[in-house]
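Accompanying notes for the structure given below.
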Amino acid sequence: MAEEPKLSRQDWTESIIRRTLGNLKKWEEPNIRDTVGPYFPTVFRGVTEQAQGIVHDLSTAISKLSGEDFLACFETNGAPKSDAARQIVSTNAEKARAWEKTIPIWFSGGFGHPDYVADFEYWSKMARLTLEESVSLTLGVEPKHLPQSLLEKIKKLEDTLAPVPEYLLRRYELLRRRFDPHNFKDNLDPKELAEWINDQKLEVHPDFLGYFYKPPKPIEQLDEVQTGVFTGDKRQLNSISKLIAAMAIDAYGYVPGDARSPIPKEIEDIAARLGLNLGRDTILTYLRIGTKDLPEGWNDQ
């Protein structure tokens with residue numbers, strides 16, 4: 001009879017299961033949060049149930065061994081040392097390998113996987129973002145987990161995509177066509193990206209705008225420092241703002257209050273072509289001030 005070791009049979013059995021099943025024994029079903037896009041929180045439930053079944057099958061096979069057979073079959077580190085033990089290990093290890101191939105890609109349940117959350121505090125300090133980084137961050141995902149290579153693979157399956165990767169691809173195309181329509185691989189200004197997302201009311205991760213978007217202060221709180229380029233008193237500010245607003249409305253077709261108006265961006269681009277540094281926020285500030293006193297029915301004529 002083999003010498004009885006100090007290790008309990010329960011602990012010994014646990015050692016055999018860990019050694020035999022590897023990653024399966026470590027599996028924990030992720031708690032997917034509903035953040036942005038399609039949401040399927042139970043997509044990993046079947047994988048979990050299958051893993052539990054394999055653990056149960058192996059535990060049952062080991063429990064059927066008598067005390068003497070058990071001691072003769074396994075080393076204390078869980079390694080098999082008899083033909084019977086090797087058969088048990090081989091059968092269940094093969095089940096574990098087959099199980100591992102059934103695990104869906106991490107974003108199958110949605111973009112709120114707890115192991116892939118973006119470090120917004122870190123990325124919000126970046127002066128520029130690549131298109132891929134921008135896509136990832138709007139979805140709340142750490143950019144390294146959604147590389148260009150993955151996006152290229154998804155594009156090749158465009159006609160057979162499940163809801164989550166289809167949403168990812170549509171988000172990529174939306175931002176690409178808006179910020180890099182000619183595929184120049186230009187980096188994006190996070191501030192401009194956030195302003196556009198806010199204007200478009202685009203669905204993004206709940207934390208994205210909090211880190212990247214800085215809303216302009218109400219008109220009544222503006223002073224000569226906050227307006228950026230203005231150094232006069234409030235009466236001059238109002239007069240200049242009305243002049244700018246009048247030209248924007250009459251010459252460019254600006255519609256006050258239209259959050260999606262392309263006119264502020266057009267004015268910014270014109271200024272940039274002339275070598276003038278004039279940000280969109282500054283333009284919007286003057287337009288808001290200049291149009292706040294427009295009389296009712298001003299555009300009925």
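The values are calculated or read from the model by the stated rules, or taken from the named source; none is laboratory data. Computed from a predicted structure; not experimentally measured. When we count neighbours, we look across all protein chains shown, and the Cβ atoms used for this are built from the backbone with ideal geometry, even at glycine. Side chains are part of the model used for accessible areas, which takes the heavy atoms of the whole protein and leaves out ligands, DNA and RNA. Shrake-Rupley method; radii C 1.70, N 1.55, O 1.52, S 1.80 Å.
In table form, for the structure just shown:
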{"quantity": "Entirely in region 98-169, the helices (runs of 4 or more DSSP H) that have 2 or more residues that are within 12 Å of the chain's Cα centre (by Cα)", "calculated": "131-138"}
{"quantity": "Of residues in region 245-280 being in a helix (DSSP H, G or I) and either of a type in the set (Lys, Arg) or in contact (Cβ under 8 Å) with a residue 60 or more places away in the chain (or both), the one surrounded by the most Cβ atoms within 10 Å (Cβ to Cβ)", "calculated": "ARG280"}
{"quantity": "For GLU142: the one exception among (1) farther than 27 Å from PRO216 by Cβ; (2) out of contact with any strand residue (DSSP E or B) (no Cβ under 8 Å at 6 or more places or on another chain); (3) charged (D, E, K, R)", "calculated": "(2)"}
{"quantity": "Residue, most open to solvent (accessible area, probe 1.4 Å), within region 4-23, restricted to residues that are out of contact with any helix residue (DSSP H, G or I) (no Cβ under 7 Å at 6 or more places or on another chain) and among the polar types (S, T, N, Q)", "calculated": "GLN10"}
{"quantity": "From the options THR160, THR102, residue that is open to solvent by 40 Å² or more (accessible area, probe 1.4 Å), closer than 30 Å to LYS201 by Cα and without any contact (Cβ under 8 Å) to a residue 60 or more places away in the chain", "calculated": "THR160"}
{"quantity": "Among (1) surrounded by 14 or more Cβ atoms within 10 Å (Cβ to Cβ); (2) at pLDDT below 95, the one test that ASN183 misses", "calculated": "(1)"}
{"quantity": "Neighbours by Cβ (under 9 Å, 6+ apart or cross-chain): first from region 44-56, free of Cβ contacts under 8 Å to residues at least 24 places away in the same chain; second open to solvent by 40 Å² or more (accessible area, probe 1.4 Å) and in a helix (DSSP H, G or I)", "calculated": "GLY53/LYS95"}
{"quantity": "Cross-chain or 6+ apart pairs with Cβ under 6 Å, region 14-39 first and free of Cβ contacts under 8 Å to residues at least 60 places away in the same chain, then crowded, with 21+ Cβ neighbours inside 10 Å", "calculated": "TRP27/ALA51; GLU29/PHE44"}
{"quantity": "Of all residues making up region 132-154, the number that are among the hydroxyl-bearing types (Ser, Thr, Tyr) and free of Cβ contacts under 8 Å to residues at least 12 places away in the same chain", "calculated": "1"}
{"quantity": "Subset of region 109-123 [in contact with a helix residue (DSSP H, G or I) (Cβ under 9 Å, 6 or more places away or on another chain) and surrounded by fewer than 18 Cβ atoms within 10 Å (Cβ to Cβ)]", "calculated": "ASP115, PHE120, GLU121"}
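Residues checked against (1) more than 18 Å from ILE105 (Cβ to Cβ); (2) modelled with pLDDT of 95 or more:
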{"position": "MET1", "(1), (2)": "yes, no"}
{"position": "SER8", "(1), (2)": "yes, no"}
{"position": "THR20", "(1), (2)": "yes, yes"}
{"position": "ARG45", "(1), (2)": "no, yes"}
{"position": "THR48", "(1), (2)": "no, yes"}
{"position": "ALA51", "(1), (2)": "no, yes"}
{"position": "ILE54", "(1), (2)": "yes, yes"}
{"position": "THR60", "(1), (2)": "yes, yes"}
{"position": "GLU75", "(1), (2)": "yes, no"}
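Yes or no, residue by residue, for (1) surrounded by 19 or more Cβ atoms within 10 Å (Cβ to Cβ); (2) part of a loop (DSSP other than H, G, I, E, B); (3) basic (Lys, Arg):
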position: LYS25; (1), (2), (3): no, no, yes
position: ILE32; (1), (2), (3): yes, yes, no
position: TYR39; (1), (2), (3): no, yes, no
position: GLN52; (1), (2), (3): no, no, no
position: HIS56; (1), (2), (3): no, no, no
position: ALA72; (1), (2), (3): no, no, no
position: THR76; (1), (2), (3): no, yes, no
position: ARG86; (1), (2), (3): no, no, yes
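Okay, residues lined up against (1) of a type in the set (Gly, Ala, Ser); (2) closer than 29 Å to TYR39 by Cβ; (3) outside any loop (DSSP other than H, G, I, E, B):
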{"site": "LEU175", "(1), (2), (3)": "no, yes, yes"}
{"site": "ARG178", "(1), (2), (3)": "no, yes, yes"}
{"site": "ASN183", "(1), (2), (3)": "no, no, no"}
{"site": "ALA194", "(1), (2), (3)": "yes, yes, yes"}
{"site": "ASP199", "(1), (2), (3)": "no, yes, yes"}
{"site": "LEU202", "(1), (2), (3)": "no, yes, no"}
{"site": "HIS205", "(1), (2), (3)": "no, yes, no"}
{"site": "LEU209", "(1), (2), (3)": "no, yes, yes"}
{"site": "PRO215", "(1), (2), (3)": "no, yes, no"}
